[in-house]
1. Out of curiosity, is Val391 open to solvent by 10 Å² or more (accessible area, probe 1.4 Å) and under 23 Å from Ala456 (Cα atoms)?
2. Restricted to region 359-415, and to residues that are touching a Leu at 6+ places or on another chain (Cβ under 7 Å) and aliphatic (A, V, I, L, M), which residue is farthest from Gly330 (Cα to Cα)?
3. Counting only residues that are more than 16 Å from the ligand (Cβ to nearest atom), give me the helices (runs of 4 or more DSSP H) lying completely in region 364-467 with at least 3 of them.
4. The conditions are (1) within 24 Å of the chain's Cα centre (by Cα); (2) open to solvent by less than 20 Å² (accessible area, probe 1.4 Å), and Ala555 fails exactly one of them. Which is it?
5. For Lys476, which of the numbered conditions (1) open to solvent by less than 10 Å² (accessible area, probe 1.4 Å); (2) under 25 Å from Val424 (Cβ atoms) fails to hold?
6. Name the pairs whose Cβ atoms lie under 7 Å apart, with the first residue in region 244-262 and closer than 16 Å to Ser570 by Cβ, the second open to solvent by 50 Å² or more (accessible area, probe 1.4 Å), and 6 or more positions between them or separate chains?
7. What number goes with the only condition from (1) within 16 Å of the ligand (Cβ to nearest atom); (2) open to solvent by less than 10 Å² (accessible area, probe 1.4 Å); (3) more than 26 Å from Ala255 (Cβ to Cβ) that Phe298 does not pass?
8. Please enumerate the residues belonging to region 310-338 that are buried (at least 24 other Cβ atoms within 10 Å of the Cβ), β-branched (Val, Ile, Thr) and more than 16 Å from the ligand (Cβ to nearest atom).
Amino acid sequence: MKKIFSYDIVRGVIGQLIGTPIGFGLVAGIQALLGRPLNAEPAYVVGAVFGVLGFLIGLGAFSDWYHMVLGEEVHEPEEIQDPPGARRYWGLSFDHKVIGVQYGILSMVLLALGGTFALIFRTELAASGRQFLSFQLFNSLVGLHGMVLIASILMGIAAISNYVIPLLIGARDMAFPRLNALSFWVAVPASLVLVSSLALGGFETGWTGYAPLSIRGPMGIQLFFVGVWFVGWSSILGALNLIATIVRMRTPGMAMFNMPILAWSVLATSIMALTATQLIGLAFQMTLFERLLGMSFFDPAGGGNPILYQHLFWFYSHPAVYIFVLPGLGVISELLPVFVRKPLFGYRWIAMSSLGIALVGFLVWAHHMFAAGMEEYLRVPFMYSTLLVAVPTGVKFFSWTATMWQGKMRLQTPMYFLLGAISVFLVGGITGPMAGTVSTDLHITDSYYIVGHFHATMFGGYIFPVFAAIYYWFPKITGRRMSEKLGKWHFWLLYIGFMVTSFGQMRIGLLGMRRRIADYDAALGFDLPHMIITIAGYMVAVAVLLFFINLYHGARAGEPAKGNLWESRSPEWLAPSPMPVHNYDTPVVVVGEPYDYGLEGSKYVEVNQPVAPAAQAAD
Ligand SMILES: [Cu+2]
């Protein structure tokens, strides 16, 4: 029994289970003291906040700072030894590699949960007139599908950034290891709060939480707001840490324009996350206060303005789509030269195109509001800024094409997912201008065309690149490799399943199918396409299940892969696998360009660390 309590995460969960009723009781107690009848909503909100804090206190996330405030000595992060084996992933660690894997585990759990929600409501939508979910539950599952997967994406990009960036730039760890641990662990209780919104009746608004509907609906929306608010903190603090690490922790001699290209994408992403996330936090916080304290920000009944809510929400949520995809696009640029054995075409252009997307990405948010009742004169400028995003994005496509051109392509699983990512993201890219153009958007806004379009950008810019990254760096984490055979099954099932889903959605959207409705008229003739989309959705689910099996089997019994099996020039592959706790014995020395593949005898870096000979990567 004593052993179970030695797990930090167990003490965290107990902390949340204690903090929540304390917060609830505090508010209920004050109401009782004032002789008022119980108004549960503020009690639930304070309970949820106390629960998150209780988790972090129970886990020990604040204990070092607490002892510092008391003037006591604390160990430096690098002096602390994590428990051996898998146990280290279930406790508080300051090691970026452990935190990277922890983010990965949470991201996968949320992926499975958000995907399952989709299978449930897709099963209902497969036939008109089929209704086994109440309208309320249908709305909540659609909304949670969106926000749980957004949280999964944020955790997924944090996983890759945390694990890989310090290794790529030759750093010992992230700039602020304790803050790094807090950034991860706050997301765990926050995710629990987000999902528990279902227990308070869920919410009707979808993931956008639009006021005034969110002001008048069930209490579940408050837990949705509180959960996302804390996930936002994880994103902001993580971004701050990554910017400081990339700018200050590069090995001596590694200039910004000579660092691995993925670091530029992660830098651009982090600048956006650090400066935009506050706005969705603000929109949610103001709505939460409007419900609890009657402040009229958005409800016209009280003199508020619902359009203001949309401006605040989309000022984050459109840049957010680039926060979601820029790291994935960085993975494509980082890994493509490894698998085509040719230099990356246009390094500086790609680096600048990431910053360009970040900059222009802040100027387009109101393209989500062309039909919302916003001032008409705002439409045209936002249409042009939206179309402008295609320029820096196009730079990446041309560079990838030029990099692959006449390359010696090695068709291993990571390369399959890179090609999948480029082609699916292209679908997302070329279906965008139609939604960004006022004249066509007024017809297709809020239809399944939009659903098909943004799923293509998310799968192309995040899902496929993340799988490429996991198949590629898994041996670095475990010293073993995942099965190539299972990997290719995973790829083809996902690729075909997704393309059918996305094109199916866009087609019925153009034919008039609206999004976020629980049923449709059989006379519309959408039963067959909906059935096909649902079957394709199940194919995607089976593909992800195969991936989990491959991941588990690879970690336990995968083929040993100790050396530089991809023949990469990057520093982490010149060190042993699994990566030693302290990363590099001696500073990584930069002696050349990162992507001069094919240039005989040239090197990017020297890493003085004995590495087992690489077993030739079996094609
Ligand atoms: Cu947008």
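1. Taking the combined requirement at face value, the residue satisfies it.
2. Here the residue is Ala371.
3. Result: 390-404, 413-430.
4. (2)
5. In the conditions (1) open to solvent by less than 10 Å² (accessible area, probe 1.4 Å); (2) under 25 Å from Val424 (Cβ atoms), Lys476 misses (2) alone.
6. Taking only residues 6 or more apart or on different chains, the pairs are Thr251/Pro587; Gly253/Val589; Asn258/Glu593; Met259/Arg250.
7. Phe298 satisfies all of (1) within 16 Å of the ligand (Cβ to nearest atom); (2) open to solvent by less than 10 Å² (accessible area, probe 1.4 Å); (3) more than 26 Å from Ala255 (Cβ to Cβ) except (1).
8. Of everything in region 310-338, those that are buried (at least 24 other Cβ atoms within 10 Å of the Cβ), β-branched (Val, Ile, Thr) and more than 16 Å from the ligand (Cβ to nearest atom) turn out to be Val331, Ile332.
The values are calculated or read from the model by the stated rules, or taken from the named source; none is laboratory data. Quantities reported herein were computed from a predicted structural model and do not represent experimental measurements. Positions of Cβ are generated from backbone atoms using ideal geometry, with glycine treated the same way; all protein chains shown enter the neighbour counts. Protein only, heavy atoms only, side chains kept; ligands, DNA and RNA dropped before computing areas. Shrake-Rupley method; radii C 1.70, N 1.55, O 1.52, S 1.80 Å.
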